[in-house]
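The values are calculated or read from the model by the stated rules, or taken from the named source; none is laboratory data. Everything quoted here is computed from the prediction, not taken from an experiment. When we count neighbours, we look across all protein chains shown, and the Cβ atoms used for this are built from the backbone with ideal geometry, even at glycine. Calculation scope for accessible area: heavy atoms of the full protein, side chains included, ligands and nucleic acids excluded. Shrake-Rupley method; radii C 1.70, N 1.55, O 1.52, S 1.80 Å.
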Amino acid sequence: MCCRGCEPLEGGAPSIHRIVIGTEVVIASLRHAGLEFLERDQELSVLVEAFSQVEENGVGRLAIVSGEPGVGKTTLVRRLCEEARPGRRALWGTCEPLATPSPLAPLVELAAECGGELEEVAGRRTTPHAVAIAFARELQRQPPSIVVLEDAHWADDATLDVLRLVGRRYETLPALVVVTHRDVGLDPRHPLRRALGEIHPGASVRRLRLPPLSYEAVQRIAAEHGADGDELYRRTGGNPFFVSEAVRAAEDVPATVRDAVLARASQLTPQAWTLLEAVAVSAAPASLSFLEVVAPGSLAAVDEGAMAGFLSVVGETVRFRHELARLAVLDSIAPLRLSLLHRAAVRALEADESAPGRLARLSYHAEAAGEREAVLRYAPEAAELAAAHAAHGQSAAEYARALRFADGCPPETRGSLWQRRAVECYVATQDDEAEEACRQAIAAYRELDDPVRGSDAVRLLPIVLRNAARARDALPAAEQAVSLLATAGARELALAHCAVAAVKLLAEDAEDTKRSARTALHLAGRAGDTAVENAAAELAALADALRGDASARVSLERALADVLEHGTGDQLGSAHTRLGMAAYRERSLAKMEHHATVGLAVCEEHDLPVWGRNLLAMRSWIELARGSWDEAARTAELAIALGCTLSTLQARVVLGLLRARRGDPDPWTPLAEAAAVAEANGQLWWTGQVAAARAEAAWLAGRSDEVEAITGDTLRAACAAGSPWVIAELAVWRRRAGIVEEVRGDGGGPFALELAGDPVGAERAWRGAGCVYESTLALVAADDEALLRRALDRLQRLGARPAAAIVTRRLRGLGARGLPRGPRPSTRAGIGGLTRRETEVLDLLGAGLRNREIAQRLYLSPRTVDSHVASILRKLGAANRAQAVRAAERLGLAG
């Protein structure tokens, strides 16, 4: 839709203009309500400047416009389109306010305007990755463009995936991409927040939050209309839409915006009111043919609804100009009348097979109308379409809708619906919902006494429980699957044994894992199923590789060679994740980096959040190990926001270690959260990592006396399992804490070298693996002053203040002199949340100066210094000056 400016509307009131945006005709009474773009000039200038930069240098810009409903987000973006030079293209896609939106709805709307490849790709069953590529090509074809994704808080999973992809590459697109969304009612786990969190912050991103109108602006509007300004502001809070509706109502300020909207709508003809009802029920933009069926004879009132400011017409579709007005009309419709309208909507959409988002809309209207047969027909079809577009959350929701009407259906129907919902919930990492769906499917198929029909749900249940970090429940479920499928075919039983092996794998029970994997391998051979044979061989090889055996890794790569060459989707995501796990055990960052990068690309292309989120958490560990600590923090926080249980566990370990190594406040909370999940899960792969991380944090904080309690139980479990790497890692932290003991084992990589009294060899091995921090820390065990000075220099450059303080104390104990003091206050600002000035004040506190003396030294007033000291105590969690100085020493801040 291309903005072509404004022109007077012939025959209308002088204050009314027709804004032409492509084929859209919006009737806007900008001056009628006194709301001629008040208090939005600054935001508009930011957007205009961003688009000017796109025009000048071809580098894309991204703008995220947020605010409460009715605050004027759409008005602002429309004005941006008006301000653009003639000929500049504006593409506009709006997300649907359906409970379960149709996949890629705003992209389909954009594609219809563009035509060509984008329309062809968006119109078929395809992945968000393919749509994003076609979208990028379209923008390159006709630069520069303004692209608007409106109401992104309603976006479906597939649309959000496209937003993520575009958000990572927006600078390569010759366009200004504007995303609008509500910022109220979005909890921290809302999918949109996660998607926006993946957009890398930078100078090319503009984040604009529109505030309500000021008290002065509302007073001005009230004065123009003879209203009580104080009362108008009190009841509207300055919300522009509320203010507009209130002053448009030909009466005193109404109690609610609903009253204002309905008061204005009551002045319309009955024909126009019938049309408003039909458009309100539609939720999505309503075609003229749809309205003719739902509200026969009402199309003549379209102009009346538009002139009154309720509706806008875009080509052959009609929609409300504002969602709050639509909801006000929808809420006013009587229940019986509402049901009849939804039934008519079903008939209209059944007759129009080309309607955009048809299946999702049919499912929505059928449920609202209470038409059971229609729901059971259209909801599963909508679910399949959503899954094909990688909108797995919407697919799961459609199956849930069908199941709400499935009482009384045959058990095979209920079992199939529950089983398909379980798969979609699992892929969308909705672990609790996936578990319930598995159990319901198993119960339904049990009525048929047909274990083979329910084998998918039986096998999926332990995988779901394992993914939810409930290994203690997953193992009995996997063993029950073996029992239930004992009389089934060899392939089904082989897959059940693979499920048992997969649960035992992360318990680091190598022999039991291989035993189950070999049984699965034998059964898969009988069944002639090469894919299952490969999966079983992979599990057996990985069991050895996790023991740190480099030769086992070769076997694992051989087992996965065919998958890496010919596999697709889920197989590739799994393969790269498991190869990355083996590389982690070797601490080979180069191999981990390769599999994390390639695996994430695969998961992005095929929309595999289960594997993708694990690989994202793995990437945060890679960044931590190689010393890219700022990147590690961002990646870990993103992984935590995405909410997958096991990847969140890994990311919390990274975040806790990062805080401990930097000396930042509160490493304990993320580590405690990780420990709670790991201990409940009970798998050594996780408990070992958490115990080592907590031991390191305690050692860095000068709490070495806690290391025995932190590591004791896990070390004994590692010895019982015969896991040499976990044994060596925990033993190193115990030795650093002063616990001297005999440790047996023939593995453990660089940790084993340090235990053997070879810190130089350990440092060399860590450096060869690419682990910057660990290579330096290995030298802490040395008694050589030159080696310790080398370690101190590296740690100070890395910003590892607590470890640097430990090395400094060791050097002083050896009688070393002339030690570097570390970063100056200007480079230490921000540690512990302190400002540069607070860091300077803290240095002088450590030197024993009183507040008045500090004030004289820094040319500050005593009152200002008092304020700085109070802030320092609060940020460091100290009760007095002496505690603050001790905290500064732990953080490496003491000068």
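Data table
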| quantity | calculated |
| --- | --- |
| The stretch 267-284 residues that are farther than 19 Å from residue 314 by Cβ and among the polar types (S, T, N, Q), paired with ones that are open to solvent by less than 60 Å² (accessible area, probe 1.4 Å) and part of a loop (DSSP other than H, G, I, E, B) (beta carbon under 6 Å, 6 or more apart) | 271/298; 274/295; 274/298 |
| Residue 194 without any contact (Cβ under 8 Å) to a residue 60 or more places away in the chain, assigned to a helix (DSSP H, G or I) and surrounded by fewer than 17 Cβ atoms within 10 Å (Cβ to Cβ) | no |
| Condition met for residue 187 (under 27 Å from residue 604 (Cβ atoms) and open to solvent by 40 Å² or more (accessible area, probe 1.4 Å)) | yes |
| Output for the stretch 60-91, where each listed residue is open to solvent by 10 Å² or more (accessible area, probe 1.4 Å), among the hydrophobic types (A, V, I, L, M, F, W, C) and either more than 23 Å from residue 113 (Cα to Cα) or outside any loop (DSSP other than H, G, I, E, B) (or both) | none |
| Residue list for the stretch 142-172, restricted to those being outside any helix (DSSP H, G or I), farther than 21 Å from residue 103 by Cβ, open to solvent by 10 Å² or more (accessible area, probe 1.4 Å) and touching a residue at least 60 places away in the same chain (Cβ under 8 Å) | 143, 144 |
| Which listed residue is out of contact with any Phe, Trp or Tyr (no Cβ under 8 Å at 6 or more places or on another chain), closer than 19 Å to residue 474 by Cα and buried (at least 22 other Cβ atoms within 10 Å of the Cβ), from 560, 579, 539 | 539 |
| Residue that is farthest from the chain's Cα centre (by Cα) [pool: residues in the stretch 261-284 that are modelled with pLDDT of 90 or more and not in a helix (DSSP H, G or I)] | 269 |
| Of all residues in the stretch 726-740 being touching a helix residue (DSSP H, G or I) at 6+ places or on another chain (Cβ under 7 Å) and either assigned to a loop (DSSP other than H, G, I, E, B) or modelled with pLDDT under 90 (or both), the one that is most open to solvent (accessible area, probe 1.4 Å) | 738 |
| Residue within the stretch 158-166 that is modelled with pLDDT of 90 or more, of a type in the set (A, V, I, L, M, F, W, C) and touching a strand residue (DSSP E or B) at 6+ places or on another chain (Cβ under 9 Å) present | no |
| Answer residue from the stretch 670-681, given it is in contact with a Leu (Cβ under 9 Å, 6 or more places away or on another chain) and open to solvent by 10 Å² or more (accessible area, probe 1.4 Å) and is farthest from residue 724 (Cα to Cα) among those | 673 |
| Answer residue from the stretch 700-723, given it is over 18 Å from residue 659 (Cβ atoms) and part of a loop (DSSP other than H, G, I, E, B) and is least open to solvent (accessible area, probe 1.4 Å) among those | 723 |
| For residue 127: the one exception among (1) surrounded by fewer than 24 Cβ atoms within 10 Å (Cβ to Cβ); (2) in contact with a helix residue (DSSP H, G or I) (Cβ under 8 Å, 6 or more places away or on another chain); (3) modelled with pLDDT of 85 or more | (3) |
| Tally of residues being part of a helix (DSSP H, G or I) and touching a helix residue (DSSP H, G or I) at 6+ places or on another chain (Cβ under 6 Å) across the stretch 503-524 | 14 |
| Residue 554 open to solvent by 50 Å² or more (accessible area, probe 1.4 Å) and under 25 Å from residue 684 (Cα atoms) | yes |
| Unique match (being touching a residue at least 40 places away in the same chain (Cβ under 8 Å), crowded, with 19+ Cβ neighbours inside 10 Å and on the phi < 0 side of the Ramachandran plot) among 349, 362, 338 | 349 |
| Residue that is modelled with the highest pLDDT, among those in the stretch 379-394 that are more than 16 Å from residue 413 (Cα to Cα) and in a helix (DSSP H, G or I) | 382 |
